[in-house]
Every structure is written in C-alpha cells, then in structure tokens.
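Every read-out reported here was derived from the displayed coordinates using simple, explicitly stated rules and does not represent laboratory data. This one's a predicted model, so the numbers in the text were calculated from it and none came from an experiment. Note that we place each Cβ from the backbone using ideal geometry, even for glycine, and neighbour counts take in every protein chain shown.
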Amino acid sequence: MGQHTDHLYKGQDVSHQSLTDNSHGPLELAHAKLNLGLKILSRRQDGFHDLLSLFQSVSLHDTVCVTGAEEISLSCSDDALSPGPDNLAWRAADLYRQQTGGGGCHIELEKVIPAGAGLGGGSADAAAVLRALDRLASRPLGLSRLAELGADLGSDVPFCVRGGTQLAEGRGERLTPLRWGTAATWWFVLVCPPAPVSTSWAFGELARHREGRLLSDSSPYSMLISSARGGCLDADKLWPVLENDFQPLVEGIKPIVARASQLLAETAPLAHSMSGSGSTVYGIYDDRTAARRAEVILRAAEYPVFVCTPVPEPIDGSGTPI
C-alpha cells in the first residue's frame with residue numbers, strides 16, 4: 001500500500017514551525033472535517049442532493065499563510081496539487097479579490113490532510129484563505145459574509161469557515177451550530193486508504209441503487225440529529241445509530257476500504273463509520289490509550305493513520321479562537 005503516514009493531532013499541540021519561520025502574514029489552521037453520520041435524501045431540481053449530517057472539525061489540519069502581493073500565486077508542499085485556478089485555495093483568493101476590489105496575494109499551503117479522502121481538505125484550505133485575507137483587510141467582511149462567499153466555492157466551505165460542531169442540511173450549506181451535552185474528549189483514529197472516491201460517482205451509484213425510491217429522514221440517526229436543533233447532542237445516543245449511506249457502496253468496490261473498516265470494528269471503538277464519500281474510515285475512542293492500540297493495529301496493516309481530537313471552534317496559527 002505504499003508509505004504510511006502517522007500523526008498525532010491533539011487540539012493545539014501541533015507544530016507549524018516550517019511556515020512560522022519563513023512567513024510574515026497571518027497563519028490559519030485549515031481543520032479537517034468529519035461526517036459523524038451522513039444521510040443522502042432526495043435529489044433537488046438543481047441536480048444536487050439534500051443531505052443530513054453532523055459536521056465535526058478535528059485537530060488534523062493543513063496550515064495556510066497569506067501575504068499581500070500584486071497577483072495571486074500559490075506554493076504548496078504537495079507537488080501533486082495544482083498551484084493555479086484548479087486549486088480551491090487559489091479560487092478563494094480570487095473570489096475575495098472580486099468581492100472587495102483588493103489586490104492579489106501569495107498563498108503558502110502546507111498540506112497534511114489527504115486529498116480525495118472525504119475530509120474536506122480543499123474546502124478547509126479555501127476557508128482558511130478567506131479568513132486570512134479578511135484578517136489582512138482594512139475593512140473585513142466578517143465570518144458570516146465569508147461563509148456566504150464560501151458557498152460559491154463548494155458545499156463544505158461555509159462549514160469550514162467557522163468549524164466546530166454543526167448540523168448540515170441542504171447541500172451542506174444550511175448550518176446549525178450544536179454543542180455536546182458533555183465535554184468532547186474523544187479520540188478519533190482516521191484511516192485513509194489510498195483509494196480516492198469520486199463524489200460524483202458515489203452520488204450516481206447511490207441513485208442507481210435506490211432506483212428512484214422516495215426517501216424519508218425518519219431513520220434513528222436522522223431523528224436524533226434533527227431533534228438536537230438548538231440543544232445538546234448526546235454522544236451516548238448518537239454512536240449506536242451512526243451511519244453513512246455511501247459506506248456500503250464504497251466498501252463494495254473498494255476492498256481496501258472494507259478491510260480498514262473491519263479492522264477498526266475489531267478494536268472495540270465506541271463507534272466507527274466513514275467520512276463523506278470516502279475513502280477515510282474512522283473509529284471513536286474514549287481515551288488516548290484505546291486510540292493508540294487501534295493505531296498500532298492499522299499501522300501494522302500498512303494503512304495511513306492519523307490520531308486526532310475534536311476541535312470545538314476554528315483557531316488561527318497562534319492558537320487563538322476566532
């Protein structure tokens with residue numbers, strides 16, 4: 001399976017020394033997003049699908065630094081990613097410039113979140129660029145306006161602007177902040193098989209399997225999440241009903257994902273599921289020791305593994321909540 005990558009991301013116990021030493025603009029942490037459950041509902045007239053999901057920021061992150069410049073440019077630690085308009089971070093800078101009439105910028109992007117893994121890495125980078133540019137602006141737009149702009153870039157960008165724990169509906173752009181009834185002290189073990197999944201394929205395949213059947217949001221997961229609006233989430237009730245509509249389809253064509261999910265299940269997590277349309281699967285654990293045991297097992301199977309924790313709200317490079 002190739003070289004594996006192992007990282008511990010515990011809240012603010014992270015180092016971004018490589019950017020800090022050489023950068024003079026604001027640093028922003030672009031946190032990965034986990035889907036704590038995902039229900040795909042009906043297809044809309046605009047071609048998109050309505051969904052219901054609990055979005056959770058986690059401490060795994062990319063790091064973004066933005067400095068003023070005449071034109072937009074981007075340098076990235078991952079040579080496989082485009083440094084131009086195909087990169088969502090570049091497009092975020094261009095959109096901000098169009099909206100404000102400002103100049104260009106140079107974006108320095110240090111990648112850690114795997115691409116095409118269902119963790120929202122590109123969306124997180126775009127949101128971090130918007131926040132960084134707003135910090136540089138003499139007349140900042142504010143987070144609410146940035147979230148509105150983010151919807152033009154991608155369905156996950158509005159969430160990534162603010163992060164935390166939010167109920168996502170519509171395409172994912174209708175967001176309701178939620179809080180946990182008890183402290184979110186769990187540990188996540190993310191397993192990222194090198195088997196990228198096309199989101200468009202996943203939606204198409206799901207539609208084919210359902211053959212036009214009408215869907216409802218009356219599953220135990222949907223009812224529990226919907227009932228939490230304006231209140232507290234009960235993790236003890238959520239974990240047993242966690243589900244992702246894409247997971248059976250993805251595991252059916254990606255044995256490497258199915259095997260990772262099976263190995264996670266054997267480590268006795270509180271719950272395990274898949275994020276987005278894959279390929280990342282994850283387990284949830286009560287404490288660091290249990291998470292580390294699971295990590296060792298998945299590492300032995302040569303899977304890329306990240307150990308991380310929930311992030312209640314986005315933070316900038318200095319660790320200051322925004």
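Quick notes on this structure:
- R0 of 45 Å, Cβ-Cβ distance R145-R210: FRET efficiency to nearest 0.05: 0.75
- Each semi-axis of the equivalent ellipsoid for the stretch 6-308 is √(5λ) with λ an eigenvalue of the Cα gyration tensor; in descending order they amount to 31, 23, 19 Å.
- With θ taken as phi - 60° and the Karplus curve 6.51 cos²θ - 1.76 cosθ + 1.60 applied, the whole-hertz 3J(HN,Hα) list for the stretch 52-64 is 9, 7, 9, 8, 9, 6, 10, 6, 5, 8, 8, 10, 10 Hz, x standing for glycine and proline.
- Cα-projected label distance for E266 with E243, points at 7 Å along beta-carbon direction, nm: 2.6
- Peptides 37-43, 107-113 ranked from most to least packed, by the mean per-residue count of other Cβ atoms within 10 Å: 107-113, 37-43.
- Computed per residue of the chain from DSSP H runs no shorter than four, each worth -39500 (n - 2.57), the mean residue ellipticity at 222 nm is -9000 deg cm²/dmol.
- Amide N proximity, the stretch 106-136 versus A69 label position 7 Å along Cα-to-Cβ, cut-off under 17 Å: 106-111, 126, 129-130, 132-134, 136
- Between R229 and T199, full extension at 0.36 nm per residue minus the direct alpha carbon distance yields a gain of 8.1 nm.
- Under the simplified labelling scheme, the R43-I256 pair shows an inter-label distance of 3.0 nm, with each label point 7 Å from Cα along Cα→Cβ.
- Computed E for D78/T176 - FRET, C-beta separation, R0 45 angstrom, nearest 0.05: 0.85
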